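Scroll down for the structure; my scribbles are underneath it.
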């Protein structure tokens, strides 16, 4: 399955990566930033459950990823 991500920030970072004047360090940093953005997008629809937890202020139900943990 192909999911086309058309996001202005990712497009901008890709443009900077493609520029011949971009240093190796900048290229690697931009690649990492794009990878993080894509990981966020890919995991958007992971199924979640609610579990009870205790915080410093109160008890609450908090979301957790269902099934095998990443």
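The values are calculated or read from the model by the stated rules, or taken from the named source; none is laboratory data. Just so it is clear, the model here is predicted, and its values are computed rather than measured. All Cβ positions, even for glycine, are placed from backbone atoms using ideal geometry, and neighbour counts span all protein chains on display.
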Conditions (1) exposed (fewer than 10 other Cβ atoms within 10 Å of the Cβ); (2) free of Cβ contacts under 8 Å to residues at least 12 places away in the same chain -> residue 3 fails only (2)
May I ask you to list the residues in region 45-70 that are at pLDDT 95 or above, surrounded by 10 or more Cβ atoms within 10 Å (Cβ to Cβ) and either part of a loop (DSSP other than H, G, I, E, B) or under 15 Å from the mean Cα position of the chain (by Cα) (or both)?
none
Some residue of region 7-15 being modelled with pLDDT under 95, surrounded by fewer than 10 Cβ atoms within 10 Å (Cβ to Cβ) and assigned to a helix (DSSP H, G or I)
yes
Among the residues of region 20-44, write down those that are outside any helix (DSSP H, G or I) and surrounded by 11 or more Cβ atoms within 10 Å (Cβ to Cβ).
22
